[in-house]
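Trainee: If you scroll down you'll find the structure; I have some questions about it.
What follows draws every value from the coordinates through simple rules; no lab data is involved. Keep in mind it's a predicted model, so treat the numbers as computed, not measured. Positions of Cβ are backbone-derived with ideal geometry, glycine not excepted, and every protein chain shown enters the neighbour counts.
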Amino acid sequence: MTKTTNQKKQLIVIVGPTAIGKTILGIQLAKHFNTEIISADSRQFYKELAIGTAKPTAVEMDGIPHHFINSHSISDNYNVSDFEKDALSKLTKLFIKKDKVIVVGGSGMYVDALCYGMDEGIPDPDEAIRAALQAILDREGLLPLQEQLKELDPEFYEQIDLQNTNRLMRAIEVCLITRQSYSSLRKGIAKERPFNIIRIGLSMERADLYERINKRVDLMVSAGLIAEANEVLPYRNHNALKTVGYRELFSYFDGEIGLDDAIEKIKVNSRRYAKRQLTWFKKDKNIQWFIPEQLQEIINFIET
């Protein structure tokens with residue numbers, strides 16, 4: 001990959017699957033370059049979610065300022081377009097005093113919005129279509145909607161969290177309104193940014209990654225994930241909580257499955273999520289891939 005070397009400010013973007021070590025690398029790079037971090041993790045925005053989102057603690061942050069962590073409540077209606085606008089505004093302020101800023105995140109849509117911009121051709125919601133889709137969901141469950149998305153947009157079907165009802169219905173809605181695939185509209189034409197972007201991807205052998213994921217889930221449970229999920233149970237219908245780590249425990253609270261089964265489902269769904277993340281990021285040819293232990297190689301790549 002060719003990097004431009006003019007005197008523009010630099011946005012260093014660190015992506016990769018869950019549990020691979022993005023947070024640690026981001027902090028190491030922020031220390032090295034004396035800068036700050038923007039989180040592009042769409043669940044770490046929310047104050048009420050800490051353990052299940054693997055949000056870095058104050059000790060782990062080690063004095064490095066992090067932006068868009070604990071910035072919103074799960075009751076807020078905050079979406080990817082809002083993040084693009086807010087993150088660009090924050091970058092404008094940070095670049096006044098910093099030559100480099102770090103972005104860390106595994107939420108592909110949010111990373112892409114910041115790097116490439118959101119396609120302005122994506123239509124506003126259609127209440128009639130959304131009501132019809134909601135009726136299908138209420139009457140028949142998720143499966144018919146999943147099958148409909150697979151038919152309308154097989155590419156996005158492979159990338160999306162198929163249990164996320166809001167995102168699932170939004171993709172179908174856009175396909176029906178525009179008669180185009182949601183994935184093709186999302187790609188659009190990349191917007192020019194007033195800074196250079198260096199994209200770093202982290203990867204490792206799948207078996208090692210899955211072992212990390214399983215251990216992380218066990219640590220989350222030990223740290224109080226069950227109690228945290230119980231505290232946010234009244235907000236379960238908010239989009240922020242239709243995510244791995246919470247919805248499985250909601251099923252446990254409902255008496256649908258046992259606790260051991262819920263924990264195992266969190267591990268399985270986390271591994272599936274990691275696979276979807278890698279599928280998403282591997283499509284971006286601008287990403288330079290490393291293993292997490294290659295800190296010096298990553299620094300050299302950025303400085304070259």
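Trainee: Go through segment 136-184 and give me each residue that's without any contact (Cβ under 8 Å) to a residue 24 or more places away in the chain and aliphatic (A, V, I, L, M).
Mentor: ILE136, LEU143, LEU162, ALA171
Trainee: Pick from segment 62-79 the residues that are farther than 26 Å from LYS100 by Cα and not aromatic (Phe, Trp, Tyr): which of them is surrounded by the most Cβ atoms within 10 Å (Cβ to Cβ)? Explain how you work it out, then say what you get.
Mentor: Step one: list which residues in segment 62-79 are farther than 26 Å from LYS100 by Cα, which gives 73-78.
Restricting the remaining residues to those that are not aromatic (Phe, Trp, Tyr) gives 73-77.
On the way: SER73: 14, ILE74: 18, SER75: 11, ASP76: 14, ASN77: 8.
Within segment 62-79, the match that is surrounded by the most Cβ atoms within 10 Å (Cβ to Cβ) is ILE74.
Trainee: While we're looking at this one, here's another question. Taking the condition of being crowded, with 17+ Cβ neighbours inside 10 Å and either among the charged types (D, E, K, R) or on the phi > 0 side of the Ramachandran plot (or both), how many residues in segment 91-104 meet it? Please lay out each step first, then the result.
Mentor: So in segment 91-104, the residues crowded, with 17+ Cβ neighbours inside 10 Å come out as 91, 94-95, 98, 100-104.
Right, trim to either among the charged types (D, E, K, R) or on the phi > 0 side of the Ramachandran plot (or both) and you get 98, 100.
Total satisfying the criteria: 2.
Trainee: Checking the conditions here, which among GLU293, GLU248 is more than 30 Å from LYS98 (Cβ to Cβ) and among the acidic types (Asp, Glu)? Spell out how you get there, then give the answer.
Mentor: On the way: GLU293 fails: more than 30 Å from LYS98 (Cβ to Cβ).
Result of the check over GLU293, GLU248: GLU248.
Trainee: Are any residues in segment 111-135 part of a helix (DSSP H, G or I) and either within 30 Å of LEU202 (Cβ to Cβ) or in contact (Cβ under 8 Å) with a residue 24 or more places away in the chain (or both), and if so, which ones?
Mentor: We begin by selecting, within segment 111-135, every residue part of a helix (DSSP H, G or I); these are 111-116, 127-135.
Residues satisfying the conditions are VAL111, ASP112, ALA113, LEU114, CYS115, TYR116, ILE129, ARG130, LEU133, GLN134.
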